[in-house]
Amino acid sequence: QVQLVESGGGLVQAGGSLRLSCAASGTIVSIKTMRWSRHVPAPWSQRDLVASITTDGVATYADSVKRRFTISRDNAKNTVSLQMNSLKPEDTAVYYCYADIVHGALRLTYQYWGQGSQVTVSS
């Protein structure tokens, strides 16, 4: 089995910084593009892709987080991180890492998600 375990997050004042990390473990053969998304629960019920990074390290960002967030990965350790600077109250959400992972002897590909990390930015 494979699992993604997140760490980091928490409460910070506007303008502050937080770092999220996500570690994949299990019978992993390879990990494709790794991503972070964030979910604002009801009544807004909004889920946005925040950032993604390919195996080769090519990163893309949502316009709302460009120049403030940085995604990085360590292929040797099967980890992905999200450094969040200049945080704003509108960044408040539950953040999830996820990735398509090739695993097991049959080399099956499945999308795995982390457990979610609450990020709260106070004004």
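The values are calculated or read from the model by the stated rules, or taken from the named source; none is laboratory data. Here the structure is a predicted model, which means the values were calculated and not measured. When we count neighbours, we look across all protein chains shown, and the Cβ atoms used for this are built from the backbone with ideal geometry, even at glycine. The area values use the complete protein model at the heavy-atom level, side chains included, leaving out ligands, DNA and RNA. Shrake-Rupley method; radii C 1.70, N 1.55, O 1.52, S 1.80 Å.
Give me the Kirkwood hydrodynamic radius of the chain, using the inverse of the mean 1/r over all pairs of distinct Cα atoms, in Å to one decimal. Show your work: numbers first, answer last.
Details: mean 1/r = 0.0683 Å⁻¹.
Averaging 1/r across every pair of different Cα atoms and inverting gives 14.6 Å.
So, with a 1.4 angstrom probe, what is the percent of accessible area on the chain that is carbon and sulfur?
Numbers: 3380 of 6670 Å².
That share works out to 51 percent.
Within straight cross-link reach of Lys77, meaning Cα distance under 23 Å, which lysines are found once same-chain residues fewer than 8 apart are removed?
Lys32
Give the lysines whose C-alpha is closer than 16 Å to that of Lys88, dropping any in the same chain fewer than 8 places away, or say none.
Lys66
Restrict the search to segment 38-123; then list the chymotrypsin sites (Phe, Trp or Tyr not before Pro) that DSSP places in a loop and that have at most 14 other Cβ atoms within 10 Å of their Cβ. Each step should come with its number before you reach the end.
Numbers: sites: Trp44, Tyr61, Phe69, Tyr95, Tyr96, Tyr98, Tyr110, Tyr112, Trp113; in loops: Trp44.
Of the chymotrypsin sites (Phe, Trp or Tyr not before Pro), the ones in loops of segment 38-123 whose Cβ has at most 14 other Cβ atoms within 10 Å are Trp44.
Using only Cα atoms, locate the centre of segment 12-27 and the centre of segment 97-119, then give the distance between them in Å, rounded to an integer.
Spelled out, the Cα-based centre of one part sits 16 Å from the other.
Using Cα springs under 10 Å in a Gaussian network model of the chain, which residue among Leu49, Leu82, Leu106 shows the largest mean-square fluctuation?
In this elastic network of the chain, the residue with the biggest mean-square fluctuation among Leu49, Leu82, Leu106 is Leu106.
Could you give me the ³J(HN,Hα) list for segment 23-31, computed from phi with Karplus coefficients 6.51, -1.76, 1.60 and θ = phi - 60°, whole Hz, x at Gly and Pro?
Karplus values, whole Hz, x for Gly and Pro: 10, 9, 9, x, 7, 8, 8, 7, 10.
Bin by bin, in steps of 10 Å, what percent of the Cα pairs in segment 58-102 do you find, going until the bin that has the longest distance?
20, 54, 23, 3
Given +1 on the Cβ of Lys and Arg, -1 on the Cβ of Asp and Glu, and no further charges, what dipole in debye does the chain carry about its Cα centre, rounded to the nearest 20? The partial results should precede the final answer.
On the way: 12 positive and 8 negative charges, 25 e Å.
So the dipole magnitude of the chain works out to roughly 120 debye.
Using DSSP loop states and a limit of at most 14 other Cβ atoms within 10 Å to flag trypsin sites (Lys or Arg not before Pro), what is the longest stretch of the chain containing no flagged site? Each step should come with its number before you reach the end.
Values: sites that count: Lys66, Arg67, Lys77, Arg107.
That would be 1-65.
In nm, to one decimal, how far is the Val5 label point from the Asn75 one, both placed 7 Å along Cα→Cβ?
2.5
What does the charge add up to near Gln46, with Lys and Arg as +1, Asp and Glu as -1, over the other residues with Cβ less than 14 Å from its Cβ? Display every interim value, and only then the final one.
Numbers: positive: Arg38, Arg47; negative: Asp48, Glu90, Asp91.
Net of charged neighbours comes to -1.
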